[in-house]
Amino acid sequence: MKILSKLILMLFFLLNFNFAFGWGKTGHRIVAEIAYRHLTENSKKQIAEIIGNQPLAYWANYPDFIKSDLESYKNTSSWHYLDFPENLNRNQFDDFLNQSTDRNLYKRTLTVIDQLKNREGYSNDEQIVALYFLVHLIGDAHQPLHLGREKDMGGNKIKVKWFGQPTNLHSLWDDELVDFQKYSYTEYAAVLDFHDSDFNRNLTDGNLEDWLFDSYQESAKIYSGVKDGDELKYRYDYEHVELLERQLLKAGLRLAKLLNEIFD
Ligand SMILES: [Zn+2]
């Protein structure tokens, strides 16, 4: 029985593999590392009391792993994104957010923020998971195709080639574009995070809903620059690396803002 359930879990994992997970491992670590650089000493101390001293970046991908493992988190794939109809204005976007079920990126982010703000009501294990999810979901919230279109599943259905290798638009933005830059996560965090505090404060203006709408608008730009079957290479990188890097930086700084609001 045990072997059978393991096999089923493995199958579930393999099937899931077709669908992209959000920023790949490096992307999520970059976001967590940038955030860590902007935590107050008190926030760092409070966070260490929950998860210990290992860097946030180490845990940033945990929610992608448990999707296919821990029994209680098996059906959490939908927590990582929210797909929309096209061309929503801000009011329509907010209505869509509010009417959505509680099993998506927006609602789960609100839930884990609430859990961490009221953490004395939760066990240490629950606090740990909530923290891992917050670090991860704020990353996903800044991969624009996690706030993409319903009709192509956030770009998963748009098949493209990246330097001759078959992939899809969603995966390209999760993984290949980040990896193409050939930085480690600490190097990438360092080269992106050099601005003065006024610049950074500008990027962290607004609230979660503003940030999600921002990503949704960026996703429209990504969609307009590509079509199914495109063969992409250097030029695509050249034209999109600025957006990619801005999204990673925004995610890191905004995560730090949330964590400092919760823990400082
Ligand atoms: Zn994810």
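The values are calculated or read from the model by the stated rules, or taken from the named source; none is laboratory data. Only a predicted model underlies this, so the values are computations on that prediction, with no experimental measurement involved. Neighbour counts run over all protein chains shown; Cβ positions are idealised from the backbone, glycine included.
In this structure, does D94 turn out to be within 15 Å of the ligand (Cβ to nearest atom), at pLDDT 95 or above and under 18 Å from G148 (Cβ atoms)? First the steps, then the outcome.
Values: within 15 Å of the ligand (Cβ to nearest atom): no; at pLDDT 95 or above: yes; under 18 Å from G148 (Cβ atoms): yes.
When the stated conditions are applied, D94 does not pass them.
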Practice task
Residue by residue through the range 55-65, note down the ones that are outside any loop (DSSP other than H, G, I, E, B), over 12 Å from G139 (Cα atoms) and away from the ligand (no atom under 11 Å from the Cβ).
Solution key: L56, Y58, W59
Practice task
Return yes when N156 is out of contact with any helix residue (DSSP H, G or I) (no Cβ under 8 Å at 6 or more places or on another chain), farther than 23 Å from L110 by Cα and surrounded by 14 or more Cβ atoms within 10 Å (Cβ to Cβ) and no when it is not.
Solution key: no
Completion exercise
(1) farther than 22 Å from A141 by Cα; (2) part of a helix (DSSP H, G or I); (3) of a type in the set (D, E) all hold for D69 apart from (2)
Handout entry: Qualifying residue in the range 145-165 (condition: at pLDDT 95 or above, within 11 Å of the ligand (Cβ to nearest atom) and among the acidic types (D, E))
Key = no
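If you scan the range 72-87, which residues turn out to be farther than 17 Å from H136 by Cα and surrounded by 15 or more Cβ atoms within 10 Å (Cβ to Cβ)? Break it down into steps so the answer makes sense when it comes.
Taking the range 72-87 first, the residues farther than 17 Å from H136 by Cα are 72, 83-87.
Those that are farther than 17 Å from H136 by Cα and surrounded by 15 or more Cβ atoms within 10 Å (Cβ to Cβ): D83, F84.
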Exercise for the section: Please specify each residue of the range 74-91 satisfying the condition of being part of a helix (DSSP H, G or I) and either away from the ligand (no atom under 15 Å from the Cβ) or without any contact (Cβ under 8 Å) to a residue 24 or more places away in the chain (or both). Expected result: R90, N91
Exercise for the section: Determine if the range 74-96 includes at least one residue that is under 21 Å from R29 (Cβ atoms) and touching a Gly at 6+ places or on another chain (Cβ under 6 Å). Expected result: yes
